[in-house]
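Beneath this line is the structure, given in structure tokens, with notes to follow.
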Amino acid sequence: MNDERIREKLSILADAAKYDVSCASSGSKRKNHNKGLGDASNGICHTYTEDGRCVSLLKILLTNHCIFDCAYCVSRKSNDIKRAAFTVQEVVDLTMNFYRRNYIEGLFLSSGIFKDADFTMERLVRIAKKLRTEHKFNGYIHLKSIPGASDELMREAGLYADRLSVNLELPTEAGLKLLAPDKNQKDMIKPMNFIKNEIILRQEEKTLFKKAPLFAPAGQSTQMVIGATPENDRQILYTANHFYNSFNLKRVYYSGYVPVSNDNRLPGLSSAVPMVRENRLYQADWLMRFYGFNVREIVDQNNPHLDLDIDPKLSWAIRNLQHFPIDINKADLQLIVRVPGIGVESAKKIVSGRKFGKLNWEHLKAMGIAVNRARYFIVCNSQDFERRELSGTKIKQFILAESQSKYLKQKPNQLSLF
Ligand code: SF4
């Protein structure tokens, strides 16, 4: 290996990959059975770069050559940038070297499209296959699926990768038409459907035959670029909700558009999407997946954008004061998790804690509840805070005045989820 050339390729292809945020790696159950290297069974320890992106995986493109010209993408064919491509063996060697040195715990591999979808996908699959079969690598592998690749290649990819993902790219077909005219949602839906069906099939086989091979055990995910096209948060979250329900996605990633071009179809070069918008979308996504919220409760015709000042759960509570206050000593778990300042784990602690006696503010604080937010929405066994009849606007003002919102003052390193 020519070290200098490899280093140069690495700098080009790791830099090009940083725009893809779909690299979280939890959820895999791959064990180290064969005295090989690594074990993805406990998920991967994530670390975050200054701008909040995950770097615990070796995250690279196989190449930044591309036959397509998606306006929002730095690798688009019309962009005058330095191009590079790894060989299959180079990616395998880099992964093994970095893994042995403890720099990484897995590989996140995406690619521009050389020549055609099959030509590119075949190389991605060969890398994963070599790692698994020749090097007995049991670390985490996330492969991007190239829309248009054959079912045979997709099937093989799922045998070696922990997670597969197909990028939706933009939230609507109209957005794709505008900025990525070579693409349409149908091309992305086909592989997503294939992956979904294959996962179900392999799970059924596994119940019958213990030794049946795994297929993408960490499931599939997708990513949307936010802010390159004018969709509002309602359109974005409705799209996410549809794809969660229709394709059993594990995650939808929201990647704030980073201005890469002065193309007049795109927002200006100085209009990067604020990190806080990305964070609010992740928080809303979390509400749909773990807190029992329907997407219609989070955004609607009258509220098509998430409030950037406060998190979406607080925003919902303020718009729905008729449901509050709830009595923390009596309410169901499903209601308690809807209270601002109370997460799922804290809500469970409340439900088990109250078996031993009535809970007051001190108990709630000891359980880690953000009482400064929750107190506007609950009553408990205590008179310390007398709940006054406050309007939603007043409650928001009080909470904002008290809050030390890190989002508005500085870029966060990691998401805070309520
Ligand atoms: S196909 Fe992918 S890599 Fe190629 S220009 Fe479009 S987004 Fe970029």
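Name the single residue that is least open to solvent (accessible area, probe 1.4 Å) among those in the range 202-227 being in a helix (DSSP H, G or I), more than 23 Å from Ser145 (Cα to Cα) and not charged (D, E, K, R).
Across the range 202-227, the extreme among qualifying residues is Thr207.
Of (1) crowded, with 16+ Cβ neighbours inside 10 Å; (2) in contact (Cβ under 8 Å) with a residue 60 or more places away in the chain; (3) farther than 21 Å from Gly106 by Cα, Phe137 satisfies all except one. Which?
Going through (1) crowded, with 16+ Cβ neighbours inside 10 Å; (2) in contact (Cβ under 8 Å) with a residue 60 or more places away in the chain; (3) farther than 21 Å from Gly106 by Cα one by one, Phe137 breaks only (3).
Residue under question is Phe98, and the condition is that it be under 30 Å from Ser271 (Cβ atoms), out of contact with any Phe, Trp or Tyr (no Cβ under 8 Å at 6 or more places or on another chain) and outside any loop (DSSP other than H, G, I, E, B); does it hold?
On the way: under 30 Å from Ser271 (Cβ atoms): no; out of contact with any Phe, Trp or Tyr (no Cβ under 8 Å at 6 or more places or on another chain): yes; outside any loop (DSSP other than H, G, I, E, B): yes.
So Phe98 does not fit the description; no.
Could you tell me which residue of the range 353-408 is modelled with the lowest pLDDT, considering only residues that are farther than 28 Å from Arg277 by Cα and among the polar types (S, T, N, Q)? Give the derivation first.
Restricting attention to the range 353-408, the residues satisfying the condition of being farther than 28 Å from Arg277 by Cα are 353-367, 378-389.
Next cut, among the polar types (S, T, N, Q) only: 360, 381-383.
On the way: Asn360: 93, Asn381: 86, Ser382: 80, Gln383: 68.
Among those residues, the one meeting the criterion is Gln383.
In the range 81-100, which residues are within 14 Å of the ligand (Cβ to nearest atom) and open to solvent by 20 Å² or more (accessible area, probe 1.4 Å)? Can you show your working first?
Going through the range 81-100, the residues within 14 Å of the ligand (Cβ to nearest atom) turn out to be 81, 83-85.
Once the filter is applied, which keeps residues that are within 14 Å of the ligand (Cβ to nearest atom) and open to solvent by 20 Å² or more (accessible area, probe 1.4 Å), the range 81-100 yields Ile81, Arg83, Ala85.
Ile328 - would you say it is open to solvent by less than 50 Å² (accessible area, probe 1.4 Å), hydrophobic (A, V, I, L, M, F, W, C) and farther than 14 Å from Gly392 by Cα? Walk me through how you get there before you give the answer.
Details: open to solvent by less than 50 Å² (accessible area, probe 1.4 Å): yes; hydrophobic (A, V, I, L, M, F, W, C): yes; farther than 14 Å from Gly392 by Cα: yes.
Yes; evaluated as a whole, the condition is true for this residue.
Give just the number: which of (1) in contact with a strand residue (DSSP E or B) (Cβ under 6 Å, 6 or more places away or on another chain); (2) of a type in the set (A, V, I, L, M); (3) free of Cβ contacts under 8 Å to residues at least 24 places away in the same chain does Leu269 not satisfy?
Every condition holds for Leu269 apart from (1).
Checking Ser75 against (1) of a type outside the set (A, V, I, L, M, F, W, C); (2) open to solvent by 50 Å² or more (accessible area, probe 1.4 Å); (3) within 15 Å of the ligand (Cβ to nearest atom): exactly one of these is not met. Which one?
(2)
Among the residues of the range 341-359, write down those that are in contact (Cβ under 8 Å) with a residue 24 or more places away in the chain and either in a helix (DSSP H, G or I) or closer than 14 Å to Asn381 by Cα (or both). Full working, then the answer.
First, the residues of the range 341-359 that are in contact (Cβ under 8 Å) with a residue 24 or more places away in the chain: 341-344, 354, 358-359.
Val344, Arg354, Lys358, Leu359 - these are the residues of the range 341-359 that are in contact (Cβ under 8 Å) with a residue 24 or more places away in the chain and either in a helix (DSSP H, G or I) or closer than 14 Å to Asn381 by Cα (or both).
The values are calculated or read from the model by the stated rules, or taken from the named source; none is laboratory data. Everything numeric in this text was worked out from a predicted model, so none of it was measured. Every residue, glycine among them, receives a Cβ derived from its backbone with ideal geometry; neighbour counts consider all protein chains shown. Surface areas here come from the heavy atoms of the whole protein model, side chains and all, with no ligands, DNA or RNA. Shrake-Rupley method; radii C 1.70, N 1.55, O 1.52, S 1.80 Å.
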